[in-house]
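Chemist: What follows is a structure written as structure tokens; I'll ask about it next.
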Amino acid sequence: MIVLRNVYKKYPNGTNALFDLNLTVNRGEFIYVIGQTGSGKSTLIKLLDAEEKPTSGDVRVSDIDVGRLKRRKIPYFRRHVGVVYQDFKLLPRKTVFENVAFALEALNMPTQHIRKRVREVLALVDLSDKANSFPNQLSGGQQQRVAIARAIANRPFILIADEPTGNLDPEKSKGIIELLEEINKAENTTVIMVTHDEQLVNLYKKRTVVLSEGHVVADLNVGGYINEADF
């Protein structure tokens, strides 16, 4: 479970990013977070993966008090949080298999376990036949699937997808959403997807949290894209 309670975030330059934010996300949920640039979406992500600390309030992920983690413990916490970005961030000189394995090698996992898990996640993202390919030999949609496979390789508590379809055409975008849905169900992974894609939010309706100027202005279980101007 993810719980943010009375969270404020003010950056050293004086920017107020979040104001009294309250949000609860249950284990296994799939939610969208939407809002215009500057609404607080990026700050929310940074709080959830311990890149930033709240100025005040509580941020908890699976009963871990993220805001009060000591610096030396942050890398261990991040093993349980998968993050996918719109620009993939793949290692260009490593194969698909090696890109996914790299995330597990950093954990000193036994080689046979790494190989087994990499094969599992590549099958899940439908890229088993691309295991020996390099990123520049893949389409944008395939590269994003590799990034997703890498993010879930260590079975994270939560998967944060930050504009994962931002660089993809509509058909490939649908494929990525359907893949995230499959991961959500197959691995019981909590998925938080930040997006501007109105079409996808309306087509694949899920709980939708709307941020505006650092505030949660709507939290709708019925889903559907909502413009901040409506509030």
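The values are calculated or read from the model by the stated rules, or taken from the named source; none is laboratory data. Because the structure is a prediction, the values reported are computed rather than measured. Note: ideal-geometry Cβ built from the backbone for every residue, glycine included; neighbour counts use all protein chains shown.
Chemist: Answer with yes or no whether Gly223 is closer than 24 Å to Thr43 by Cβ, of a type in the set (Gly, Ala, Ser) and modelled with pLDDT of 95 or more.
Modeler: Criteria not met by Gly223.
Chemist: Next question, about the same structure. Between a residue in the stretch 165-193 that is in contact (Cβ under 8 Å) with a residue 60 or more places away in the chain and any residue that is of a type outside the set (Val, Ile, Thr) and part of a strand (DSSP E or B), which pairs come within a Cβ distance under 6 Å, given they are 6 or more apart or on different chains?
Modeler: As it stands, the answer is Asn184/Phe30; Thr189/Leu159; Val191/Phe30; Val191/Leu159; Met193/Tyr32; Met193/Ala161, since those pairs meet every condition given.
Chemist: Going through the stretch 78-101 one residue at a time, which ones are buried (at least 20 other Cβ atoms within 10 Å of the Cβ), aromatic (Phe, Trp, Tyr) and either at negative phi or at pLDDT 90 or above (or both)?
Modeler: Once the filter is applied, which keeps residues that are buried (at least 20 other Cβ atoms within 10 Å of the Cβ), aromatic (Phe, Trp, Tyr) and either at negative phi or at pLDDT 90 or above (or both), the stretch 78-101 yields only Phe97.
Chemist: Follow-up question, since we're still on this one. Quick check, is Ser128 among the small types (Gly, Ala, Ser) and more than 17 Å from the chain's Cα centre (by Cα)?
Modeler: Yes.
Chemist: Next question. On the basis of being in a loop (DSSP other than H, G, I, E, B) and not acidic (Asp, Glu), does Lys89 make the cut?
Modeler: Judged against the criteria, Lys89 is a match.
Chemist: Based on what the data block shows, is Asn167 polar (S, T, N, Q), over 15 Å from the mean Cα position of the chain (by Cα) and over 21 Å from Gly82 (Cβ atoms)?
Modeler: So Asn167 does not fit the description; no.
Chemist: Here is a further query. Among the residues of the stretch 1-40, what is the count of those that are of a type in the set (D, E, K, R) and out of contact with any Asp or Glu (no Cβ under 8 Å at 6 or more places or on another chain)?
Modeler: Going through the stretch 1-40 one residue at a time, the tally reaches 4.
Chemist: Another question about this same structure. Within the stretch 102-113, does at least one residue satisfy the condition of being within 22 Å of the chain's Cα centre (by Cα), free of Cβ contacts under 8 Å to residues at least 12 places away in the same chain and farther than 30 Å from His215 by Cα?
Modeler: yes
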